[in-house]
Amino acid sequence: MKKLFILLVGALLIVSACQQTPPIKSKGWFSWGKSTIPTPTNRQCFSTAPTKPRTKSTFFMLAAGADTGDLTETSTDIDNFSQIVQQHFKIPNTQICKLTNAFKAELENALHSLKQHLINNDLVIIYFSGHGSHIADDNGDEEDGWDEALVTYDIKGKSDADVKATDILRDDRFTALVNALPTDKILTVMDTCFSLGMYLKKKPSNSLLAKARTKSLVKGEIGTQAPRLQTGSTIKNEKGNFDALKGLLLAAAAENEKALEIPNQGGLFTLKFVQQFKALGNIELAFTQASRQVQKETQSGKFKQTPQDIGKWEVLEVN
């Protein structure tokens, strides 16, 4: 019996050692009033990736997301996206980091770590699935007076009163971290939205979208009720804005639109993109076809979702 116990413990240790992004343990959560707030984790990325100096270019991928608000399928999005991209580019496991329910500090640290391993002409693929939101611009670099932001797991379980601006990753900070990477060949894919409002206002005619959730969050100090881009225009290449990311940005929706998550399936854009990438084996063709499908399925009224490509497709050319 004692030997069996030792064998079981050993097996568990081997399994846990192989996990790149271990799940947050339930005992690491604590109660705060009626909320349950997860204890921040500090998962490390790219710790076994090849180090400099080297001369041959290679591939890296960082895929992250967070189930905040009413979202439940961001980990599914991460798995689906990273699997097809890894297969296509044949990316070694040591050069991939998946951060499910990512905290702000973890995402920032992952980009810091990635920087230490890159050389010029490496192709980097960055993916995020989750809520997007707005917060009042804090340094005057946004033409419309609002910073866009990725909503990380830091807000999970917090009441409106406890959600602060420091809990999310502003576009200025994210753009600075990405643009500091020592390669211009960067593909950033965001299945999130930056329009205001959390709830669909009109029943869709498409049954697939009947219970869809928007990927835009209003909570505490983020996603205030002030209008944004009411005219439907898109401000491009603002200093610090996500649109100013170097390389190529593929966004699930325009700045004045909502992106949708389909219950028990995943982000609408990611679902269509992965489906097309599997069929076509080409990112540009997959994006074009997925964009058409998303627009077609959300064309009625306030459900319109128009994926955007901003930047240079040439970054995907592999020597």
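Among residues of the range 113-128 that are closer than 9 Å to S57 by Cβ and at pLDDT 95 or above, those with a beta-carbon under 8 Å from a residue that is aliphatic (A, V, I, L, M) and assigned to a helix (DSSP H, G or I) at least six positions away or on a different chain give the pairs L123/V315; L123/L316.
Among residues of the range 40-55 that are of a type in the set (V, I, T) and surrounded by 10 or more Cβ atoms within 10 Å (Cβ to Cβ), those with a Cβ under 7 angstrom from a residue that is modelled with pLDDT of 90 or more and in a loop (DSSP other than H, G, I, E, B), sequence gap 6+ or separate chain, pair up as T41/F103. Checked against the criterion of being part of a helix (DSSP H, G or I), of a type in the set (S, T, Y), out of contact with any helix residue (DSSP H, G or I) (no Cβ under 6 Å at 6 or more places or on another chain) and within 24 Å of K52 (Cα to Cα), the candidates T76, T94 yield just one match: T94. Against the list (1) touching a helix residue (DSSP H, G or I) at 6+ places or on another chain (Cβ under 7 Å); (2) surrounded by 17 or more Cβ atoms within 10 Å (Cβ to Cβ); (3) farther than 26 Å from T72 by Cα, the condition F277 fails is (3).
The values are calculated or read from the model by the stated rules, or taken from the named source; none is laboratory data. Everything quoted here is computed from the prediction, not taken from an experiment. Heads up, the Cβs are rebuilt from the backbone with ideal geometry, glycines too, and the neighbour counts pull from every protein chain shown.
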